[in-house]
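Notes to accompany the following structure.
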Amino acid sequence: MTSLPYAVIGAGPSGLAAARNLQRFGLPWVGYELADDVGGLWDINAPRSTVYESAHLISSRTTTEFTEHPMPAGTPDYPSHRHLLAYFRSYADRFGLREHYRFGTEVTSVEPVGDPADPAAPPRWVVRATGRDGIPVETEHAGVVVANGTLSEPNVPQLPGHFDGEILHTADYKRPQIFAGKRVLVVGAGNSGCDIVVDAVHHAASVDLSVRRGYHFVPKYVFGRPADTLNQGRPLPPRVKQAVDSRLLRMFTGDPTRFGFPEPDHRLYESHPIVNSLVLHHLGHGDASVRPDVERLDGDGVVFRDGTRRPYDVVVLATGYRLHYPFLDRSLLAWPEGTGAPALYLQIVSPAAEGLYVVGMVEASGIGWQGRWEQAELVAAYLAARERDPQAAERMRARVADPSAWPDLSGGYDYLGLERMAYYVNKDAYRRAVRAQTAELGVAP
Ligand SMILES: Cc1cc2nc3c(=O)[nH]c(=O)nc-3n(C[C@H](O)[C@H](O)[C@H](O)COP(=O)(O)OP(=O)(O)OC[C@H]3O[C@@H](n4cnc5c(N)ncnc54)[C@H](O)[C@@H]3O)c2cc1C
């Protein structure tokens, strides 16, 4: 049994899953969390939370929750951030996870001791952090599990020109009352952008939505049931699933071009689908309008790519987030310059540094927290194997070191080549690969 504890950075769903799995495998750990409690971005008051008052799950609860900890009976199909915060607190309580966390503590640097690429030397890592008292602390760990989230660092495009009104990113948006009586432009029709349009129509003088491309809109309910609970059995081949589901969407949400959107330049599931039919409802009622991509800001208005110009008071940049590991040298994460994401084995294990793992760096339609929990289970199983079955650990290590042997995680889908899709996977292919690797290690909790 190792004497140094492992470090877990973050107490959101992924950090809690990491903590819980280290606990299951009997491995010592210490958690670091910037906020005052568990819950991650689902705690609207946490320093790096990017949820807003109206935020609810986009995936339904049964496809999202931890399998070992179902939400209580009577929880809605699509719970709000308040329900989810209570859920994560109950998870931490049930397994006694809070006691091992240092809350109000921000990790500022994570560095290996010695050569992190040398598999012969037992890895040791120094974690530096600043607590509530502002005093820096330094602690040595046997390894580090990074679970600091993927949706906290705003991706802010440099729009040419100058705007006299207010510009904010969705990361700073909390309540729709800020739109009262104002002319609002939301830039980007991702899931947050569409939620904010729906919020704004009840308060603003006018609401426009600027889009660069067309999207596929998935309703939350199909045949009266959460859409993502249908067809949960054996996955259909991509082309068949795309054909069947596209037909279904045409029946339920219709043709998005009727509402002013451009024709999508990709097939269904080749980008993250927009799970929102309310935005179409409001466009159909004339409460909001679709505009082209922004060409430039122009004083009290915005000029669009088609040459039209409209006046606005507020511009909301719903332009997404980027991966951000400010406490780590990029080389430790094998993260090539100019790419959107580190190149990690199964998006978890760094080939450049023994003892460094990332949990939660995965985006997929329907991956849920159970998908992140399975990532954490693999990390804990590997760490346990290093002690109990070094040969099994070595076999996995050899695979980590050889990217040409890494499995294809696309599930046969041809994803859009955008930066935000850099760590996108197909949930079925991905979960299968992670579970297979855990099973191959052959260590039981
Ligand atoms: C509006 C919205 C809707 C969403 N809907 C869904 C959905 O329906 N289904 C779904 O699966 N996902 C959804 N998500 C994605 C969401 O990111 C995940 O559900 C989940 O929160 C990811 O958990 P995480 O632990 O990886 O990250 P987070 O929840 O972001 O937690 C990261 C934690 O790390 C802490 N931290 C960061 N840096 C440091 C540091 N340096 N030191 C110490 N602590 C640090 C943060 O304070 C935070 O508590 C949604 C996200 C948003 C914004």
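The values are calculated or read from the model by the stated rules, or taken from the named source; none is laboratory data. Keep in mind it's a predicted model, so treat the numbers as computed, not measured. When we count neighbours, we look across all protein chains shown, and the Cβ atoms used for this are built from the backbone with ideal geometry, even at glycine. The area values use the complete protein model at the heavy-atom level, side chains included, leaving out ligands, DNA and RNA. Shrake-Rupley method; radii C 1.70, N 1.55, O 1.52, S 1.80 Å.
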*From the list Ser54, Ser49, pick out the single residue that is polar (S, T, N, Q), buried (at least 21 other Cβ atoms within 10 Å of the Cβ), within 10 Å of the ligand (Cβ to nearest atom) and within 19 Å of the chain's Cα centre (by Cα).*
Ser49
*What number goes with the only condition from (1) open to solvent by less than 10 Å² (accessible area, probe 1.4 Å); (2) within 24 Å of Leu378 (Cα to Cα); (3) within 11 Å of the ligand (Cβ to nearest atom) that Tyr6 does not pass?*
(3)
_Just to be sure before I move on: is Ser109 within 13 Å of the ligand (Cβ to nearest atom) and either over 30 Å from Ala385 (Cα atoms) or crowded, with 17+ Cβ neighbours inside 10 Å (or both) in the structure I sent?_
no
*The one condition in (1) surrounded by 19 or more Cβ atoms within 10 Å (Cβ to Cβ); (2) farther than 13 Å from Leu344 by Cα; (3) within 16 Å of the ligand (Cβ to nearest atom) that Met421 fails to fulfil*: (1)
*Within the set of pairs 6 or more residues apart or between chains, which connect a residue that is open to solvent by 40 Å² or more (accessible area, probe 1.4 Å) inside the stretch 326-344 to a residue that is modelled with pLDDT of 95 or more and basic (Lys, Arg) with Cβ atoms less than 7 Å apart?*
none
_Restricting to the stretch 242-274, and then to whatever is among the acidic types (Asp, Glu) and open to solvent by 50 Å² or more (accessible area, probe 1.4 Å), can you tell me which residue is modelled with the lowest pLDDT?_
Asp265
*Could you please find all residues in the stretch 246-279 being within 24 Å of the chain's Cα centre (by Cα) and within 22 Å of Ser60 (Cα to Cα)?*
Leu268, Tyr269, Glu270, Ser271, His272, Pro273, Ile274, Val275, Asn276, Ser277, Leu278, Val279
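Here's the yes/no breakdown for (1) surrounded by fewer than 21 Cβ atoms within 10 Å (Cβ to Cβ); (2) in contact with a helix residue (DSSP H, G or I) (Cβ under 6 Å, 6 or more places away or on another chain); (3) modelled with pLDDT of 95 or more:
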residue	(1), (2), (3)
Leu209	no, yes, yes
Arg213	yes, no, no
Val218	no, yes, no
Ala227	no, no, no
Asn231	yes, no, no
Arg234	yes, no, no
_Yes/no for Phe95 being out of contact with any Gly (no Cβ under 8 Å at 6 or more places or on another chain), of a type outside the set (Val, Ile, Thr), within 16 Å of the ligand (Cβ to nearest atom) and modelled with pLDDT of 95 or more_ = yes
*Could you please let me know if Tyr413 is surrounded by 20 or more Cβ atoms within 10 Å (Cβ to Cβ), outside any helix (DSSP H, G or I) and over 19 Å from the mean Cα position of the chain (by Cα)?*
yes
*Examine the stretch 283-304 for a residue that is assigned to a helix (DSSP H, G or I) and over 27 Å from the mean Cα position of the chain (by Cα), and state whether such a residue exists.*
yes
*Could you check how many residues of the stretch 182-195 are of a type in the set (Val, Ile, Thr) and surrounded by fewer than 24 Cβ atoms within 10 Å (Cβ to Cβ)?*
0
_Where a residue in the stretch 239-250 is on the phi < 0 side of the Ramachandran plot and its partner, wherever it lies, is polar (S, T, N, Q), with Cβ under 9 Å and at least six apart_ = Lys241/Asn231; Val244/Asn231; Asp245/Asn231
*Among the residues of the stretch 9-46 satisfying the criterion of being open to solvent by 40 Å² or more (accessible area, probe 1.4 Å) and within 6 Å of the ligand (Cβ to nearest atom), which is farthest from Arg388 (Cα to Cα)?*
Leu41
*Quick one: how many residues across the stretch 130-181 are part of a loop (DSSP other than H, G, I, E, B), open to solvent by 70 Å² or more (accessible area, probe 1.4 Å), in contact (Cβ under 8 Å) with a residue 60 or more places away in the chain and farther than 23 Å from Tyr215 by Cα?*
3
*Have a look at Val359, Val379 and point out the one that is in contact with a helix residue (DSSP H, G or I) (Cβ under 7 Å, 6 or more places away or on another chain) and either open to solvent by 50 Å² or more (accessible area, probe 1.4 Å) or away from the ligand (no atom under 11 Å from the Cβ) (or both).*
Val379
